[in-house]
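Visitor: Just passing along the structure, written as structure tokens.
The values are calculated or read from the model by the stated rules, or taken from the named source; none is laboratory data. The model shown is predicted, which means the values in this text are computed figures rather than measured ones. Quick reminder, even Gly has a Cβ in these numbers, built from the backbone with ideal geometry, and neighbours come from all protein chains shown.
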Amino acid sequence: MALPATIHTFTVNLADVDRGVYEEVSLRVARHPSETEAYMMTRLLAYLLEYEEGIAFSEGISSTEEPAVIVRDLTGRITTWIEVGAPDAARLHYGSKLADRTTVYTHRDPAKVMAPWAGKKIHDSAAITLHSFDPGFIDDAVRALDRRNTATLSVTERQLYLELNGTHLSSAVHDHTLSV
């Protein structure tokens, strides 16, 4: 019998000064048994950093047709394809052709994430951005995780200030362009 997903709840006060987004966001995030907490935390941050009308988590790891986070307009058309972790070049190519914008958030070493993409065909690769965080930031955030979480995320000049269950953390968001 397969293990069930672990549900984490988050109440987040989001203040993204860079984009002018100020919201209180309540989320239930299902973590698949094969998904690491670091991946889930990165998925949550991707959702919050890209927060806009129409954003949603996909079906998760089992979904091969959608990224980890997706934004659709009112007609259902995909406007933003948001991958998490280290997607392969074929997924980026597919997502870039399908959506107006494609981006990746990773908790891994960005150089190692991008290395397998070198020389591969990726549609409009120059428009895809890989976002990473300071070393140790995601690991520190994972240590502060509970099943029920309260957080404040402030973003100013691409600097994150995260308060998660009483633990205060900060990191820059590093943007890497693909040179494929």
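Visitor: Considering only the stretch 43-64, I want to know if a residue exists there that is β-branched (V, I, T), surrounded by fewer than 19 Cβ atoms within 10 Å (Cβ to Cβ) and either more than 24 Å from H32 (Cβ to Cβ) or modelled with pLDDT of 95 or more (or both).
Guide: yes
Visitor: Restricting to the stretch 30-39, count the residues that are touching a Leu at 6+ places or on another chain (Cβ under 7 Å) and either more than 24 Å from R108 (Cα to Cα) or at pLDDT below 95 (or both).
Guide: Total satisfying the criteria: 1.
Visitor: Test of understanding: among Y39, Y105, which residue is within 21 Å of D124 (Cβ to Cβ) and of a type in the set (S, T, Y)?
Guide: Y105
Visitor: Of all residues in the stretch 4-34, which are surrounded by fewer than 17 Cβ atoms within 10 Å (Cβ to Cβ) and aromatic (F, W, Y)?
Guide: Y22 - this is the single residue of the stretch 4-34 that is surrounded by fewer than 17 Cβ atoms within 10 Å (Cβ to Cβ) and aromatic (F, W, Y).
Visitor: Which one of these is more than 15 Å from the chain's Cα centre (by Cα), modelled with pLDDT of 95 or more and over 23 Å from V173 (Cβ atoms): D18, D73?
Guide: When all the criteria are applied, what remains is D73.
Visitor: Condition check: at negative phi, within 15 Å of the chain's Cα centre (by Cα) and crowded, with 16+ Cβ neighbours inside 10 Å. Does E37 satisfy that?
Guide: Here the answer is yes, as E37 does meet what is asked.
Visitor: Could you grab the pairs with beta carbons closer than 6 Å, sequence gap of 6+ or different chains, first residue in the stretch 137-157 and closer than 16 Å to D18 by Cα, second one among the charged types (D, E, K, R)?
Guide: T152/E163; V155/D16; V155/D18
Visitor: Right, next: Kindly indicate whether L169 is surrounded by 13 or more Cβ atoms within 10 Å (Cβ to Cβ), under 17 Å from F10 (Cβ atoms) and either at pLDDT 95 or above or out of contact with any Phe, Trp or Tyr (no Cβ under 9 Å at 6 or more places or on another chain) (or both).
Guide: Answer is yes for this residue.
Visitor: Related question: For the stretch 93-148, what are the residues that are outside any loop (DSSP other than H, G, I, E, B), within 14 Å of M40 (Cβ to Cβ) and of a type in the set (G, A, S)?
Guide: Within the stretch 93-148, just A141 meets the criteria.
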